[in-house]
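Novice: This is the structure, below, for whatever I ask next.
The values are calculated or read from the model by the stated rules, or taken from the named source; none is laboratory data. Note that the structure is a prediction, hence the values are computed from the model and not measured. FYI the Cβ positions are ideal-geometry reconstructions off the backbone, even for glycines, and counts take in every protein chain you see. Surface areas here come from the heavy atoms of the whole protein model, side chains and all, with no ligands, DNA or RNA. Shrake-Rupley method; radii C 1.70, N 1.55, O 1.52, S 1.80 Å.
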Amino acid sequence: MAPQFTPSGTPSWTASGKGRTGDHATGACVVELAGVRDMRADPESMGAVGSQVFQAADAAGWVRSGFQSLGRDPRIKFVDKAAPGDPALLLNVELLKAYVTTVTSETHAATVVLRVHYSRQDGTRTDQVYRGTDNGVTWLSAGSEGQSSFNAALTEALEAIDRDILARCG
Amino acid sequence: MRLHTQFGILLSALCLGACANIPAHEYVPDAARDHITSTEVVAPVQQSEIYVFVPDSQAAAAGGGGLLLALVDAGVNSIRTSKAEAAVRPLRDALLDYNFDEMLQADLKTSLSQDSWLHVSNVHVLKEATNDSLDNALAASNAAVVLFTAIDYHLSNDADVLTITMTASLFAKDQALAALKKRATSGPKTAVGNALYHNTFVFETAAPGNTIDRDHNIAALSAQNGASMRALLKLGEAKLAYMLAADLQRTAADSDPAAFSNDPDGSIVRQQNGTLKFTAKPAL
């Protein structure tokens with residue numbers, strides 16, 4: 001599976017404004033992505049569609065690139081390291097599930113499940129689990145359709161995360 | 001038992017092209033038990049979460065084929081898939097921290113330790129269950145024999161029945177043991193025809209208060225953090241491991257133990273073809 005995330009369709013965080021990384025509104029929510037960990041027992045296994053097996057050398061990196069794409073939301077500003085006293089929102093992400101599976105002889109379903117630990121320098125902490133899914137007909141190439149499905153599933157999860165980040169900043 | 005597409009694909013990795021004349025069940029050769037010095041147990045569990053069985057649309061098959069009906073089938077399958085995946089979501093969320101693979105490993109270790117002649121050295125789960133991955137696991141093992149226990153667990157389309165199926169097959173690494181095989185090696189090394197022993201075990205139970213309303217059934221199974229589903233999965237894994245350990249002890253001349261017919265949790269029946277099926281008593 002390709003390590004770089006490509007958003008599916010026009011996600012809400014790119015449609016919310018200018019949509020270009022670095023082009024942020026005044027008072028944008030400052031976010032530090034502290035880490036992304038793959039919690040699965042077999043981090044390379046991503047399931048199968050028919051006889052097409054999916055593997056990822058760096059699923060955590062794929063998820064990280066997904067979070068970095070949230071930087072296109074002008075209401076969110078990602079920083080490498082929050083300064084002391086900064087009201088930044090700190091994110092620690094755990095990849096709990098990521099797989100694609102055959103459902104019928106002609107359809108497949110991709111699933112991504114993330115747990116996001118939100119915290120602030122004032123000590124407040126909350127956790128939230130997000131599930132993104134995508135179902136599709138396997139028309140021609142299980143390989144490319146599986147990749148698209150994974151990106152669509154992660155897009156769904158990131159849309160909810162984008163909303164929650166803004167709600168926690170607001 | 002209808003083979004679901006997912007489990008059918010998994011079984012094909014163990015069967016492929018070599019199953020036509022192979023009986024469903026073959027006992028461990030009597031001479032093998034005294035010569036097994038170590039056993040590695042490999043449990044292929046390709047799925048990551050529970051799923052709802054979705055039957056294939058049969059419009060094309062019923063209507064004589066053709067592109068139009070094939071497109072109808074694709075459309076129907078797509079709708080059925082979307083509905084089933086949406087329906088099972090609350091149950092998957094409720095079971096997020098239930099580690100099926102770890103529970104299975106533990107149950108297999110416990111039950112198979114009762115068969116001391118196996119000398120079980122290692123039990124681990126394999127998430128990729130292709131011909132190549134199974135053959136590679138067999139080739140990489142240093143044990144005298146490798147016992148594969150492929151698992152599938154799913155709910156019926158109405159989510160009123162839970163079925164867990166285990167297909168077990170024992171392969172020799174040791175040359176003296178390999179000589180006890182019933183037939184010459186054919187096809188992939190882990191094809192069932194090349195096994196010293198193989199059988200299929202089924203655990204089946206009705207969901208508590210089962211109805212024909214899928215959403216209602218899933219809500220009941222998901223309630224209280226999936227308590228009833230967790231209990232059923234634990235029971236199923238334990239029963240399958242127990243049946244496997246017991247069956248490995250049997251020879252063609254043995255009758256089944258009394259415990260098979262007096263199980264407090266349900267009934268274990270040996271089918272005509274030698275496979276074993278556990279049907280749980282309905283929950284009160």
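Novice: Determine which single condition B:Val161 fails, assuming it passes every other condition in (1) closer than 30 Å to B:Pro208 by Cα; (2) touching a helix residue (DSSP H, G or I) at 6+ places or on another chain (Cβ under 9 Å).
Specialist: (2)
Novice: Can you find even one residue in region A:112-131 that is loosely packed, with under 15 Cβ neighbours inside 10 Å and of a type in the set (Ser, Thr, Tyr)?
Specialist: Within region A:112-131 (the criterion being loosely packed, with under 15 Cβ neighbours inside 10 Å and of a type in the set (Ser, Thr, Tyr)), the answer is yes, since at least one residue qualifies.
Novice: Here is a list: B:Leu96, B:Leu91. Which entry is modelled with pLDDT of 90 or more, out of contact with any Cys (no Cβ under 7 Å at 6 or more places or on another chain) and surrounded by fewer than 18 Cβ atoms within 10 Å (Cβ to Cβ)? Steps first, please.
Specialist: Working: B:Leu91 fails: surrounded by fewer than 18 Cβ atoms within 10 Å (Cβ to Cβ).
Testing whether each residue is modelled with pLDDT of 90 or more, out of contact with any Cys (no Cβ under 7 Å at 6 or more places or on another chain) and surrounded by fewer than 18 Cβ atoms within 10 Å (Cβ to Cβ) leaves just B:Leu96.
Novice: Checking the conditions here, which among B:Glu40, B:Glu102 is crowded, with 19+ Cβ neighbours inside 10 Å and among the charged types (D, E, K, R)?
Specialist: Working: B:Glu102 fails: crowded, with 19+ Cβ neighbours inside 10 Å.
So the residue among B:Glu40, B:Glu102 that is crowded, with 19+ Cβ neighbours inside 10 Å and among the charged types (D, E, K, R) is B:Glu40.
Novice: Give the residues of region B:228-284 that are open to solvent by 30 Å² or more (accessible area, probe 1.4 Å) and of a type in the set (Phe, Trp, Tyr), sorted by residue number.
Specialist: B:Tyr242
Novice: A further question follows. Restricting attention to strands (runs of 3 or more DSSP E) lying wholly within region B:174-284, give those where 1 or more residues are out of contact with any Cys (no Cβ under 7 Å at 6 or more places or on another chain) and closer than 30 Å to B:Asp135 by Cβ.
Specialist: Numbers: elements: B:197-206, B:266-270, B:276-280.
Ranges flagged: B:197-206, B:276-280.
Novice: Output the number of the condition that B:Leu147 fails; it satisfies all remaining conditions of (1) closer than 27 Å to B:Asn273 by Cβ; (2) open to solvent by 10 Å² or more (accessible area, probe 1.4 Å).
Specialist: The failed condition is (2).
Novice: Moving on to the next point. Could you please find all residues in region A:106-127 being within 21 Å of A:Phe150 (Cβ to Cβ) and not β-branched (Val, Ile, Thr)?
Specialist: Residues satisfying the conditions are A:Glu106, A:His108, A:Ala109, A:Ala110, A:Leu114, A:Arg115.
Novice: A further question on this structure: B:Asn142: touching a Phe, Trp or Tyr at 6+ places or on another chain (Cβ under 9 Å), part of a loop (DSSP other than H, G, I, E, B) and open to solvent by 30 Å² or more (accessible area, probe 1.4 Å), yes or no? Let's see the steps before the verdict.
Specialist: Values: touching a Phe, Trp or Tyr at 6+ places or on another chain (Cβ under 9 Å): no; part of a loop (DSSP other than H, G, I, E, B): yes; open to solvent by 30 Å² or more (accessible area, probe 1.4 Å): yes.
Taking the combined requirement at face value, the residue does not satisfy it.
Novice: Continuing with this model, one more query. Can you confirm whether B:Asp247 is at negative phi and free of Cβ contacts under 8 Å to residues at least 12 places away in the same chain? Write out each step before concluding.
Specialist: Working: at negative phi: yes; free of Cβ contacts under 8 Å to residues at least 12 places away in the same chain: no.
No: the conditions fail for B:Asp247.
Novice: Only one residue in B:Ser82, B:Ser111, B:Ser78, B:Ser133 is within 20 Å of B:Phe171 (Cβ to Cβ) and within 12 Å of chain A (Cβ to nearest Cβ), so which one is that?
Specialist: Sole residue among the options that is within 20 Å of B:Phe171 (Cβ to Cβ) and within 12 Å of chain A (Cβ to nearest Cβ): B:Ser133.
Novice: Looking at (1) crowded, with 18+ Cβ neighbours inside 10 Å; (2) not in a loop (DSSP other than H, G, I, E, B), can you tell me which one B:Ala159 breaks?
Specialist: Only one criterion in (1) crowded, with 18+ Cβ neighbours inside 10 Å; (2) not in a loop (DSSP other than H, G, I, E, B) is unmet by B:Ala159, namely (2).
Novice: Just a yes or no: is a residue in region A:36-47 within 14 Å of chain B (Cβ to nearest Cβ), surrounded by fewer than 17 Cβ atoms within 10 Å (Cβ to Cβ) and modelled with pLDDT under 90?
Specialist: At the first step, the residues of region A:36-47 found to be within 14 Å of chain B (Cβ to nearest Cβ) are A:38-47.
Imposing the further condition that a residue be surrounded by fewer than 17 Cβ atoms within 10 Å (Cβ to Cβ) reduces the set to A:39, A:41-42, A:44.
Still in the running and modelled with pLDDT under 90: none.
Within region A:36-47, not a single residue is within 14 Å of chain B (Cβ to nearest Cβ), surrounded by fewer than 17 Cβ atoms within 10 Å (Cβ to Cβ) and modelled with pLDDT under 90.
Novice: Just to be sure, is B:Ser57 of a type outside the set (D, E, K, R), free of Cβ contacts under 8 Å to residues at least 40 places away in the same chain and at the interface with chain A (Cβ under 8 Å from one of its Cβ atoms)? It would help to see each step written out before you state the result.
Specialist: On the way: of a type outside the set (D, E, K, R): yes; free of Cβ contacts under 8 Å to residues at least 40 places away in the same chain: yes; at the interface with chain A (Cβ under 8 Å from one of its Cβ atoms): yes.
Criteria met by B:Ser57.
Novice: Could you say whether any residue in region B:15-23 is within 29 Å of B:Ala219 (Cα to Cα) and open to solvent by less than 30 Å² (accessible area, probe 1.4 Å)?
Specialist: Looking for residues that are within 29 Å of B:Ala219 (Cα to Cα) and open to solvent by less than 30 Å² (accessible area, probe 1.4 Å), one finds none in region B:15-23, hence no.
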